[in-house]
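The values are calculated or read from the model by the stated rules, or taken from the named source; none is laboratory data. Model, not experiment: these values are computed from the prediction. Reconstructed Cβ throughout: ideal geometry from the backbone, glycine too, with neighbour counts over all protein chains shown. Remember, those area values only see protein heavy atoms, side chains included, never the ligands or the DNA or RNA. Shrake-Rupley method; radii C 1.70, N 1.55, O 1.52, S 1.80 Å.
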Amino acid sequence: MSELGWIRRIAGGATGPVLVVLTAAALSGCVSDGSPDRSSGTPSGNARPTGNPCPADGVLLREGTTDAAMGLRVQSVELFNCGTAPYELDGYPDIRLLDEDKSPVEVRVGHGSNGITTETGLDEAPRKVIVQPGRTASFGIVWRNLVTDSTVPAVNGLHLDVRPRPGAPRSTVSLSSPVDLGNTGKLGLGPWQEQGR
């Protein structure tokens with residue numbers, strides 16, 4: 001199966017070239033600087049996650065689905081609006097990859113597929129997304145697990161540090177599967193997309 005066909009398959013048959021997978025897996029620790037622990041149970045679609053109360057800014061960040069084929073990796077991250085007011089997103093989140101000790105990993109993050117693959121939803125034009133209370137938005141990252149130089153240590157990231165929009169608190173989303181970059185040193189980052197679009 002081609003990479004494009006595989007990516008469309010993991011998107012659950014959604015219409016259009018959608019990359020991100022919006023069905024979430026279990027979370028293992030989402031926390032926000034200066035706000036309550038954002039850990040949750042296993043969410044499903046727009047269902048409210050169980051666990052700790054909604055933080056002051058009204059959003060929970062949580063791990064989405066991970067999938068892999070032919071060395072190509074895709075990971076989604078969801079933002080659930082657990083508050084009472086619409087939450088506006090525009091363009092791309094600000095992300096940092098962290099290692100096991102939550103120290104920054106050296107990686108080049110580029111918008112879109114970043115030369116890693118072609119014809120994916122990551123290359124859609126960024127746009128404004130209004131997340132209504134009880135609804136979810138998502139973004140995706142893509143990378144290749146590839147070692148091109150055996151003398152350069154392979155890189156694994158186990159957490160994503162995410163700022164959903166300028167001025168918002170950062171949250172650390174712990175991942176159940178590592179971002180195993182090999183020594184490629186780069187990630188592709190897609191724009192925010194609303195669920196069910």
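Once the 1.4 Å probe is applied to the protein heavy atoms, the stretch 58-117 comes out at 42 Å² accessible per residue.
Check each of the trypsin sites (Lys or Arg not before Pro) in the stretch 115-171 and keep only those in coil by DSSP with at most 14 other C-beta atoms within 10 angstrom; list them in order.
When the trypsin sites (Lys or Arg not before Pro) of the stretch 115-171 are filtered for loop state and at most 14 Cβ neighbours within 10 Å, 127 remain.
Each principal axis of the Cα cloud of the stretch 69-121 was taken in turn, and the coordinate range along them, longest first, works out to 41, 34, 20 Å. Ranked by solvent-accessible area (1.4 Å probe, protein heavy atoms only, all chains present), the residues 82, 54 order from largest to smallest as 54, 82.
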